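Colleague: I have a structure here, written as structure tokens, and I will follow up with some questions on it.
The values are calculated or read from the model by the stated rules, or taken from the named source; none is laboratory data. Computed from a predicted structure; not experimentally measured. Ideal geometry is used to build each Cβ from the backbone, glycine not excepted, and the neighbour counts take in all protein chains shown.
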Amino acid sequence: MFIVIGLLASCVARQKLVTGSWKFKDISIESDHKDSASLAFINMAAQQMKANINLTMEADSTYTIMQLKERTATRGKWWLSADKKSLFTQTDLGLNQYKILKLTKGQLVYEVKDPVSGQLMKMSCVALPTAGSK
């Protein structure tokens, strides 16, 4: 019984860690075969994401990607895999899967395969302060 309670508490805790607002901090290619065109594109995308995108994951499993300069939002659903090692998102554009590498109260690091180049990318996000927090 204690094991079941512990597992349930662990699952809830991991979902609570994902919930909140995030800002992109860094993006890197996780491949030994980095060509200059890929690096240039990743660097440009990283700069744009860091300056222009916030991600908010709600407790009700909805999420919003906010493009700050354009004042546009993309909304969808999110959930964790049964083993809590992958994050899934779903919008009208499709389903995405992200392998969680690190998840703490202040940091979310995940790996995703770029659909165009097929290269693995490591994305690092930092938590944004919530209203009323110091």
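Colleague: For the range 99-119, which positions are in contact with a Phe, Trp or Tyr (Cβ under 7 Å, 6 or more places away or on another chain) and under 24 Å from Thr130 (Cα atoms)?
Modeller: Once the filter is applied, which keeps residues that are in contact with a Phe, Trp or Tyr (Cβ under 7 Å, 6 or more places away or on another chain) and under 24 Å from Thr130 (Cα atoms), the range 99-119 yields Ile100, Leu101, Leu108, Tyr110.
Colleague: Then there's this: Report yes if Leu128 is surrounded by 12 or more Cβ atoms within 10 Å (Cβ to Cβ) and either in contact with a Phe, Trp or Tyr (Cβ under 7 Å, 6 or more places away or on another chain) or more than 17 Å from Ile29 (Cα to Cα) (or both), otherwise no.
Modeller: So Leu128 passes the test.
Colleague: Okay, moving on. Considering the range 60-85 alone, what residues qualify as being among the small types (Gly, Ala, Ser) and in contact with a strand residue (DSSP E or B) (Cβ under 9 Å, 6 or more places away or on another chain)?
Modeller: Of everything in the range 60-85, those that are among the small types (Gly, Ala, Ser) and in contact with a strand residue (DSSP E or B) (Cβ under 9 Å, 6 or more places away or on another chain) turn out to be Ser61, Ala73, Gly76, Ser81.
Colleague: Moving on to the next point. Using the structure shown, decide if Ser133 is within 21 Å of Lys23 (Cβ to Cβ), modelled with pLDDT under 95, of a type in the set (Ser, Thr, Tyr) and not in a strand (DSSP E or B).
Modeller: The answer is yes for Ser133.
Colleague: Counting only residues that are of a type outside the set (Ser, Thr, Tyr), out of contact with any Phe, Trp or Tyr (no Cβ under 9 Å at 6 or more places or on another chain), closer than 20 Å to Lys85 by Cα and modelled with pLDDT of 85 or more, how many does the range 1-23 have?
Modeller: 4
Colleague: Turning to a different aspect of this structure: Which numbered condition trips up Lys105, out of (1) surrounded by 15 or more Cβ atoms within 10 Å (Cβ to Cβ); (2) in a loop (DSSP other than H, G, I, E, B); (3) in contact with a strand residue (DSSP E or B) (Cβ under 7 Å, 6 or more places away or on another chain); (4) not aromatic (Phe, Trp, Tyr)?
Modeller: Failed condition: (1).
Colleague: Would you confirm, using the coordinates I've provided, whether Ser81 is at pLDDT below 85, over 18 Å from Pro129 (Cα atoms) and not aliphatic (A, V, I, L, M)?
Modeller: So Ser81 does not fit the description; no.
Colleague: Condition first: at positive phi and loosely packed, with under 15 Cβ neighbours inside 10 Å. Can you find one or more residues in the range 75-92 that meet it?
Modeller: No, the range 75-92 contains no residue that is at positive phi and loosely packed, with under 15 Cβ neighbours inside 10 Å.
Colleague: Checking Thr89 against (1) within 10 Å of the chain's Cα centre (by Cα); (2) farther than 22 Å from Leu17 by Cβ; (3) hydroxyl-bearing (Ser, Thr, Tyr), which single condition isn't satisfied?
Modeller: With respect to (1) within 10 Å of the chain's Cα centre (by Cα); (2) farther than 22 Å from Leu17 by Cβ; (3) hydroxyl-bearing (Ser, Thr, Tyr), Thr89 is out only on (2).
Listed here are the residues, each with its yes/no results for (1) without any contact (Cβ under 8 Å) to a residue 12 or more places away in the chain; (2) more than 16 Å from Tyr63 (Cα to Cα).
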| residue | (1), (2) |
| --- | --- |
| Leu87 | no, no |
| Gln90 | no, no |
| Leu95 | yes, no |
| Thr104 | no, yes |
| Val112 | no, yes |
| Pro115 | yes, yes |
| Met121 | no, yes |
| Ala127 | no, no |
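Colleague: Please give the number of the condition Asp83 fails out of (1) within 13 Å of the chain's Cα centre (by Cα); (2) in a loop (DSSP other than H, G, I, E, B); (3) of a type outside the set (Val, Ile, Thr).
Modeller: (1)
Colleague: Another question, if that's okay. Could you pull out the residue among Leu95, Leu55 that is part of a strand (DSSP E or B) and loosely packed, with under 12 Cβ neighbours inside 10 Å?
Modeller: So the residue among Leu95, Leu55 that is part of a strand (DSSP E or B) and loosely packed, with under 12 Cβ neighbours inside 10 Å is Leu95.
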